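The values are calculated or read from the model by the stated rules, or taken from the named source; none is laboratory data. Note that the coordinates shown come from a computational prediction; the quantities given were computed from them, not determined experimentally. Backbone-built Cβ (ideal geometry, glycine too); neighbour counts: all protein chains shown. Just the protein is used for accessible areas: all its heavy atoms, side chains included, with ligands, DNA and RNA removed. Shrake-Rupley method; radii C 1.70, N 1.55, O 1.52, S 1.80 Å.
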Amino acid sequence: MKFSIFGFIVLLIYPIFSLNWSVSGELTSHIICKPSNTIIKSIKIVNYSDSILSLNITQSDYAGKINGSPIFIEAGKLERSNSSWIHLQSNRVSILAKSSLDVLYSITIPNDNSLEGSYWSVLFLEENNIQTGNQQLYLKQRIAVQVITQIEDSGEIKVVFPKIELNKTKDEINIQIKNTGTCWIKGTLQIDLFNDGGEKCGRYSSEQIKLYPQSSQTLDLPTHNLKKGKYIAVCVVDCGENKIFGSQFTLEK
């Protein structure tokens, strides 16, 4: 099993840089489907440069994050990988200068009634015709498009908080959130702090959280000069559609 952690790959370092292409639209495709379905999807690639752009398209599994960095492994190794369901129109595409191209791919869900919850993998688009000019920083872009297939309304959504603390050296709350269900979730975290007297001392919210089954994320929320003492923390994750998960903790700073 191969593991890798990466984002953009810098080839050469010069004073100026520019990005010559991008993917138009969302980088996460969330598809509601059922066994035996075939779905056709596309990725719109825009070439801003004055020359033909050549891209390779490869597949990978995504296994969450370590210290904020994404972890990718060989396609098909994860239990909930859908990489074998995805069929690319081509593994290599060319886009004319100053133009765009819709790259098609299909997803065929196996005819298996035991499927439930979310399955996912990643499509990588990466340049294969890198050229550099004088006095220019050129970034070799590798863009990941996440493909999530949700089997109708099956599976379980469940969120737990394995660890939470008031950081005694930094003015922040450190909280770990884990998806212990079988469905991909997208939601927001809110924490209300109360002192020993029951007075509310603050409300702290996160940006949108996205978690795959059995993956976790640690968030650091600034608390803005919170005084030392004991507190009650009421933590709530709202995943929408009346799917709300909460817990209460006693904390001390």
Worksheet, complete the sentence: For residue 31, other-chain or 5+-apart residues with amide H closer than 5 Å (H placed, Pro excluded) are 148, 149, 150
Worksheet, complete the sentence: Here the stretch 22-33 yields Karplus 3J(HN,Hα) values (6.51, -1.76, 1.60; θ = phi - 60°; whole Hz; Gly and Pro given as x) of 7, 9, 7, x, 5, 9, 10, 10, 10, 10, 8, 8
Worksheet entry | Label assignment, volume of the Cα convex hull per residue in Å³ derived from the structure, set (1) 156; (2) 131; (3) 165 | (1)
Discussion item. Could you tell me how far the Cα centroid of the stretch 209-227 sits from the Cα centroid of the stretch 169-200, in Å?
Written reply: 7
Worksheet item: Residue by residue, what Karplus-based ³J(HN,Hα) values in Hz, rounded to whole numbers, does the stretch 103-108 have, using 6.51, -1.76 and 1.60 with θ = phi - 60° and x for Gly and Pro?
Response: 8, 8, 8, 10, 10, 10
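Of 186/230; 210/230; 34/178; 77/98; 65/158; 158/227, which pairs sit farther than 29 Å apart, going by alpha carbon to alpha carbon?
Numbers: 186/230 31 Å; 210/230 31 Å; 34/178 26 Å; 77/98 38 Å; 65/158 19 Å; 158/227 33 Å.
Correct reply: 186/230; 210/230; 77/98; 158/227.
Please say if the stretch 131-231 is rounded, prolate or oblate, where rounded means a/c under 1.5 for a ≥ b ≥ c the square roots of the C-alpha gyration tensor eigenvalues, and otherwise the choice is prolate for a/b larger than b/c and oblate otherwise?
Working: a/c = 3.41, a/b = 1.37, b/c = 2.48.
Oblate.
What net charge do the residues around residue 52 carry, taking every other residue with its C-beta under 14 Å from that of residue 52, with Lys and Arg at +1 and Asp and Glu at -1? Please report the intermediate quantities before stating the final value.
Values: positive: 92, 98; negative: 50, 127.
Once positives and negatives cancel, what remains is 0.
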Worksheet item: Residue by residue through the stretch 196-213, which ³J(HN,Hα) values in whole Hz follow from phi under the Karplus form 6.51 cos²θ - 1.76 cosθ + 1.60 (θ = phi - 60°), with glycine and proline marked x?
Response: 4, x, x, 7, 6, 9, x, 10, 10, 10, 9, 6, 4, 9, 10, 9, 7, x
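For every other residue with a beta carbon closer than 15 angstrom to the beta carbon of residue 231, add +1 if it is Lys or Arg and -1 if Asp or Glu, then tell me the sum.
So the surrounding residues net to 0.
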Response to the item:
For residue 121, other-chain or 5+-apart residues with amide H closer than 5 Å (H placed, Pro excluded) are 82, 147
Worksheet item: Taking Cα centroids, how far is the stretch 35-84 from the stretch 86-108 in Å?
Response: 12
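Cβ under 15 Å from residue 27's Cβ, residue 27 left aside: what net charge do those residues give with Lys, Arg +1 and Asp, Glu -1?
Working: positive: 41, 44, 142, 186, 210; negative: 26, 126.
Its environment carries a net charge of +3.
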Worksheet item: Most fluctuating residue of 30, 87, 224 in a GNM of the chain with Cα springs under 10 Å: which is it?
Response: 224
Worksheet item: With each label point set 7 Å from Cα along the Cα-Cβ vector, what nm distance links residue 238 and residue 169?
Response: 3.5
Discussion item. Using a 7 Å offset from the Cα along the Cα-to-Cβ direction at both residue 32 and residue 77, what is the distance between the two label points in nm, to one decimal?
Written reply: 3.4
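Counting only heavy atoms of protein chains, what accessible area per residue, in Å², does the chain have with a probe of 1.4 Å? Could you put the intermediate results ahead of the total?
On the way: 13960 Å² over 253 residues.
That works out to 55 Å² per residue.
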Worksheet, complete the sentence: Sorted by chain and then number, the residues having a modelled amide H within less than 5 Å of the amide H of residue 214, at least 5 places away or on another chain, are 179, 180, 181
Discussion item. Given a 10 angstrom Cα cut-off, can you work out which residue in 202, 155, 76 is the most mobile in a GNM of the chain?
Written reply: 202
